[in-house]
Amino acid sequence: MDPYKDFKERFKLLVGKHRHLVVNTLSNIFTMRLIGNKTHGDLAEIGIAEFINQFMYDFKSIHVGKDLFRAKEREEDIMIINEVTKAEFPVSLKAYGDGPLQLSTDSEQKMFPYLEKQGKDITDRKKIEEVFASPAFADFNNINVMPLIYNEKKKQCNIMVFDHEKARKETARIFYVGSDQSFSGKKSGKSRMHPIFMFLDKDNNYICEVRYGGASANALQRGLWTQTKKALPYFDSLTNGWIDYSHNHTLVKLFSLALNSTEGSHKEANIILQKDIDKLKKL
């Protein structure tokens, strides 16, 4: 079995048996939005890495760290090791609101230029398979993304993983949509400045899209994108649906105190926190 697929199934099994563990961790992660709009995304990396180390006994996780960003070959944030099979695989953690979701930045700008050469409306099944089998799309099935999706108004979150295999199997049309153009009367985004290639199923339902990545486009906006609302059938929820979370204001206070205290007190606090985690494991 694919190592990441095996991990996902084990994660879902853990959540099914001990839902309180993931509810607690995700509540703490999304509490970080009280500190800053991007803080929760960065702390999700170390939070989920520690969650794996504490609660998933056959797996070990290592946070890659921002200091290694320039040396990274992939878009990974954490490295997960199956301690039984010794398989290692990178995972990219993303925290996004419910809606548009970037799966890959396509840093080498291969996808869009390749599609431009194939035509603006591809419906032939053999041709579509050639697209997915091309070097430009080599990473399509190898992107291990673990998105933490949230709805801030409802205070709900969901770990939703895009099903690349299903998307590839059910893509029936690859359609070019120019800047300021729409498909079926609906725009994929607000005031589109750049064109996209939209991937659709046999009923013309949205699956994903490849965004323009030329010099005039924001480098962080190019690549492979999808939409958690419009492409919902192509997502697998590792949390078995939406989870209600609550803000932990005590955690915010803890951070403020920690930033103004010494390493010695941090060591003492770590001992107390580990004892609490050990209690959670027994519930």
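No lab work stands behind these numbers, since they all come straight from the coordinates. Keep in mind the model is a prediction, meaning the values are calculated, not measured. With ideal geometry, Cβ positions are generated from the backbone for all residues, glycine too; neighbour counts draw on all protein chains shown.
Summary table below
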{"item": "Likely footprinting exposure, 134, 246, fewest C-beta neighbours within 10 Å first", "result": "246, 134"}
{"item": "Of 60, 153, 110, the one that fluctuates the most in a GNM where the chain has Cα springs shorter than 10 Å", "result": "153"}
{"item": "In nm, spacing of pseudo-spin labels at residue 274 and residue 88 (7 Å Cα→C-beta vector)", "result": "2.4"}
{"item": "Taking only Cα atoms of the chain, radius of gyration then Dmax in Å", "result": "20.4, 65"}
{"item": "Restraint check, 38/275; 117/169; 12/127; 120/153, Cα-Cα greater than 32 Å", "result": "12/127; 120/153"}
{"item": "Theoretical FRET efficiency, 1/(1+(r/R0)^6), r = Cβ-Cβ of residue 230 and residue 60, R0 45 Å, to 0.05", "result": "0.80"}
{"item": "Estimated [θ] at 222 nm from DSSP helical runs (n ≥ 4, -39500 (n - 2.57)) normalised by residues in the chain, nearest 500", "result": "-11000 deg cm²/dmol"}
{"item": "Segment residue 255-residue 179, extension gain: residue separation times 0.36 nm, minus the distance between their alpha carbons", "result": "22.9 nm"}
{"item": "The stretch 111-132-the stretch 1-45 distance, computed between alpha-carbon centres (Å)", "result": "36"}
{"item": "Linear extension gain, residue 152 paired with residue 5, 0.36 nm per residue minus alpha-carbon span", "result": "50.1 nm"}
{"item": "Gain upon complete extension [residue 283, residue 17; 0.36 nm per residue less C-alpha separation]", "result": "94.7 nm"}
{"item": "Computed label-point distance, nm, for sites residue 265 and residue 117 using a 7 Å Cα→Cβ extension", "result": "6.2"}
{"item": "For 194, 20, order by how many other beta-carbon atoms lie within 10 Å, fewest first", "result": "20, 194"}
{"item": "Relative contact order %, the chain, counting alpha carbon pairs below 8 Å whose residues are six or more apart", "result": "21"}
{"item": "Net dipole in debye of the stretch 3-247 [+1 Lys, Arg Cβ; -1 Asp, Glu Cβ; about Cα centre; nearest 20]", "result": "680"}
{"item": "Listed residues 236, 203, 77, most fluctuating in the chain (Gaussian network, C-alpha, under 10 Å)", "result": "203"}
